[in-house]
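One structure below.
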Amino acid sequence: MKYERGLEALSLVESLSEPAIRRELRSAAMQHPATILPFTLCILSIIYLLLLSPVLGGALWAIIPLSCSGAVAAGCFFWHYSIRYSQAYARRLQEVMSMQEQEQRGLEQAELRQSLRMIYRKRGFHKVAPV
């Protein structure tokens, strides 16, 4: 899911820890459109209730969308963060482990190339021109 990609900036060791993955999943759950839109409506209802309803009236009309959107936002956040957490955690752990394996292979290949260059230089092969 494209909303679960927030840890690319962290190092591999930090991203393997459960608190780092939990932070990422909490952030992704909050930024999911099904959560952030009702949450925004809830905030707008609070602003109307506190600032405009004393002047314009209609506090009841602000409380209805406040309670409905607050319940929907809390439900979506709970669903994405708590219920889907174990699946997302396992998927993210697999991704990080595969990235770590690729990085390790790259380091091993670079080390092997460096060793071969040193051997060629010691034996004088760098002076031989290719045919």
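The values are calculated or read from the model by the stated rules, or taken from the named source; none is laboratory data. Note that the structure is predicted; figures quoted are calculated from it, not measured. Here the Cβ positions follow ideal geometry from the backbone for every residue, glycine too, while neighbour counts run over all protein chains shown.
Is it the case that the stretch 39-60 has a residue that's of a type outside the set (A, V, I, L, M), surrounded by fewer than 17 Cβ atoms within 10 Å (Cβ to Cβ), under 29 Å from the mean Cα position of the chain (by Cα) and under 15 Å from Ser82 (Cβ atoms)? No.
When residues in the stretch 55-67 are screened for being part of a helix (DSSP H, G or I), out of contact with any Phe, Trp or Tyr (no Cβ under 7 Å at 6 or more places or on another chain) and free of Cβ contacts under 8 Å to residues at least 24 places away in the same chain, 8 of them pass. May I ask you to list the residues in the stretch 49-71 that are of a type outside the set (Gly, Ala, Ser) and closer than 24 Å to Thr35 by Cα? Hits for the stretch 49-71 are Leu49, Leu50, Leu60, Trp61, Ile63, Ile64, Pro65, Leu66, Cys68. The set of residues in the stretch 1-48 that are farther than 19 Å from Phe78 by Cβ and modelled with pLDDT of 85 or more comprises Leu44, Ser45, Ile46, Ile47, Tyr48. State the number of residues belonging to the stretch 33-54 that are touching a residue at least 12 places away in the same chain (Cβ under 8 Å) and out of contact with any helix residue (DSSP H, G or I) (no Cβ under 9 Å at 6 or more places or on another chain). The qualifying residues number 0.
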